[in-house]
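Chemist: Questions regarding the structure given below will be posed in turn.
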Amino acid sequence: MTTAPPSSCDICVVGGGIVGIATARELKRRHPHVDVVVLEREDGLAAHQSGHSSGVIHAGIYYAPGSLKARLCVAGARRLYAYCEERGIDARRTGKVIVATHETELPRLAELERRGLANGVPGLRRIDPDELREIEPHARGIAALHSPATGVVDFRAVTGALAADFESAGGRVVTGCAVDALASGAGSVAISHSFGRTEAGSAVLCAGPWADRLAVTAGADPDPWIVPFRGSYLRLRPGRAGLVRGSIYPVPDPDLPFLGMHLTRDPHGNVLLGPTALLAGARDAYRLRRVVPRDLAESLLWPGTRRMMRGFWRTGLAELRHAVSMRSFVAECRRYVPELRREDVERSAHAGVRAQAIARDGSLVDDFSISVTGRAVHVRNAPSPAATSALALAGVIADRVESVS
Ligand SMILES: Cc1cc2nc3c(=O)[nH]c(=O)nc-3n(C[C@H](O)[C@H](O)[C@H](O)COP(=O)(O)OP(=O)(O)OC[C@H]3O[C@@H](n4cnc5c(N)ncnc54)[C@H](O)[C@@H]3O)c2cc1C
């Protein structure tokens, strides 16, 4: 990694999460002689969402057929498994079941099956309660979907490997460099940052939870604004980790872009339960009580937040209950793993903050969203499954960069 940014470069990528690093690597692969520089504010890579995820390689079940998420998740997962094999990263197809526990969930389960099949999810099939018991002996439901291609990986390790590829191809990564603003001129973009200024031929903003602020400095519409949602986790005590073999998910609420609290065995054999989804006081609220006044004020003053809250206040209260009460958290997961007891779990230090883009009208932006100001490409919404999709998403972002250069 480099310690100071250059005064000029051909392409500047802002953000050293998995999306920024995969994009920088893709640009360098396509254009080996082009000077590509990544500027990252933190001292290391994958310091935010990419290093605080559930670590699930999604297979592409949930997403509306034809959406970017549907296309890029299926293609991204395939490429991610191949990449991990090539680079010796432990990526396991541990499999996943989505469990319906009540008849009212069956139409939604059928819709998920339809979507998954339309999206080309490998091996996806409907299973009955007996098959569910064979695959996940401690899960109970009246019907389920089984996705054998879902897996787990450490996305921090993947980001590190992608950065190593990028640097060995001649790319530069500068950490500890906070970008404040950018301004597009006729043939370049001026990027001001904590070291001064870099003049780039074009720029790509992959700033995750801070994507909206940078876009606004470049003259973009504030709509959609990012509102942070904190996800906390519990962990099964080591003696009870046998309750889960792969991943057990509920049938999600179709109105929300979150997948519901799930139980997932990570590559190290720990089983995490979660995440919750609670409106957070900061874009980096890894601790429950962390509040950054500017972040909180902007979330609450954004018209979309108030409209969203009016529609989802019941869900908000339930999430608050899960966040503060382990009993309530466990009760939710017990719906699909009835043996689970309060004594089986402990709090996990692992927590993540989702960058949820909310439109002015209060709708939660679901699909990946990429927009342009002058010679700058902004990734405005890259929520889950962007980590899974990163290798394929990078191709789409690189196409946009080529179109503005
Ligand atoms: C709780 C949780 C669970 C998830 N689970 C999964 C999962 O199981 N599977 C999956 O596929 N996805 C999952 N996701 C989603 C996934 O983590 C994200 O979609 C993905 O990591 C987004 O990557 P990113 O590079 O866009 O953002 P980030 O990883 O957030 O990176 C953005 C980077 O930009 C930098 N930055 C921001 N502003 C500036 C600035 N002004 N100057 C310089 N640098 C800046 C930040 O420091 C950060 O490093 C989960 C997310 C969360 C929060």
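The values are calculated or read from the model by the stated rules, or taken from the named source; none is laboratory data. Owing to the predicted nature of the structure, the values given are computational and were not obtained by experimental measurement. Methodologically, a virtual Cβ is constructed for each residue, glycine included, from the backbone with ideal geometry; neighbour enumeration extends over all protein chains shown. Quick note on the areas: whole protein, heavy atoms, side chains included, nothing else; ligands and nucleic acids left out. Shrake-Rupley method; radii C 1.70, N 1.55, O 1.52, S 1.80 Å.
Chemist: Which three extents, in angstrom, do the Cα atoms of the chain have along their principal axes, listed largest first?
Modeler: Extents along the principal axes, in whole Å: 63, 46, 37.
Chemist: Span-like helices, the chain: DSSP H, alpha-carbon axial extent 15 Å or more, mean Kyte-Doolittle 1.0 or greater, which ones? Walk me through the intermediate numbers first.
Modeler: Details: long enough: 18-30 (18 Å, -0.11); 68-87 (26 Å, -0.20); 106-119 (19 Å, -0.51); 155-168 (20 Å, 0.53); 303-324 (27 Å, -0.56); 386-404 (26 Å, 1.12).
Flagged H segments are 386-404.
Chemist: Short version: ³J(HN,Hα) in whole Hz for each residue of the stretch 348-360, in order, from phi by Karplus 6.51 cos²θ - 1.76 cosθ + 1.60 (θ = phi - 60°), x for Gly and Pro, what are they?
Modeler: Coupling constants for the stretch 348-360: 9, 6, 6, 8, x, 10, 7, 8, 9, 7, 10, 6, 4 Hz.
Chemist: Further question on the same structure: For a Förster distance of 30 Å, can you work out the FRET efficiency between the beta-carbons of GLU402 and ARG87, rounded to the nearest 0.05? Show your work: numbers first, answer last.
Modeler: Working: r = 26 Å, r/R0 = 0.87.
Efficiency computed from Cβ-Cβ geometry: 0.70.
Chemist: Where Lys and Arg each count +1 and Asp and Glu each count -1, what net charge lies around GLY66 among other residues with Cβ under 11 Å from its Cβ?
Modeler: +2
Chemist: Send over the Kirkwood Rh of the stretch 272-363, from the inverse of the averaged 1/r over different Cα pairs, rounded to one decimal Å. Please list the in-between numbers first.
Modeler: Values: mean 1/r = 0.0684 Å⁻¹.
Computed over the stretch 272-363, the radius equals 14.6 Å.
Chemist: Another question, then. Would you grab the residues whose amide H sits under 5 Å from the one on ASN381? Only those 5+ places off in sequence or on another chain, please, with H modelled 1.01 Å from N.
Modeler: SER369
Chemist: What is the list of residues in the stretch 292-320 whose amide nitrogen lies under 19 Å from a point 7 angstrom out from the Cα of ALA178, following Cα to Cβ?
Modeler: 292-299
Chemist: What does the accessible area per residue of the stretch 333-405 come to in Å², with a 1.4 Å probe and no ligands, DNA or RNA counted?
Modeler: On the way: 2530 Å² over 73 residues.
I get 35 Å² per residue for the stretch 333-405.
Chemist: Next up: How far is it, in nm, from the label point at ARG30 to the one at LEU317 when both lie 7 Å from their Cα along the line to the Cβ?
Modeler: A separation of 5.0 nm, rounded to one decimal place.
Chemist: Please report the Cα spread of the stretch 19-66 along all three principal axes, rounded to whole Å, starting with the longest.
Modeler: The Cα atoms of the stretch 19-66 stretch 39, 29, 14 Å along the principal axes, largest first.
Chemist: Now a separate question. Per the 1.4 Å probe, what fraction of the accessible area of the stretch 1-82, in percent, lies on carbon and sulfur atoms?
Modeler: Values: 1490 of 2880 Å².
Ligands and nucleic acids excluded, carbon and sulfur give 52 percent.
Chemist: So, one more: So for the stretch 87-235, considering every pair of alpha-carbon atoms, how many percent are separated by more than 24 Å?
Modeler: Working: 6693 of 11026 pairs.
Cα-Cα pairs in the stretch 87-235 separated by more than 24 Å: 61 percent.
Chemist: Do any trypsin sites (Lys or Arg not before Pro) in the stretch 317-351 lie in a loop, going by DSSP, with at most 16 other beta-carbon atoms within 10 Å of their beta carbon, and if so which? Kindly include the intermediate steps, with their values, before the conclusion.
Modeler: Details: sites: ARG321, ARG327, ARG334, ARG335, ARG341, ARG342, ARG347; in loops: ARG335, ARG341.
Filter output for the stretch 317-351: ARG335, ARG341.
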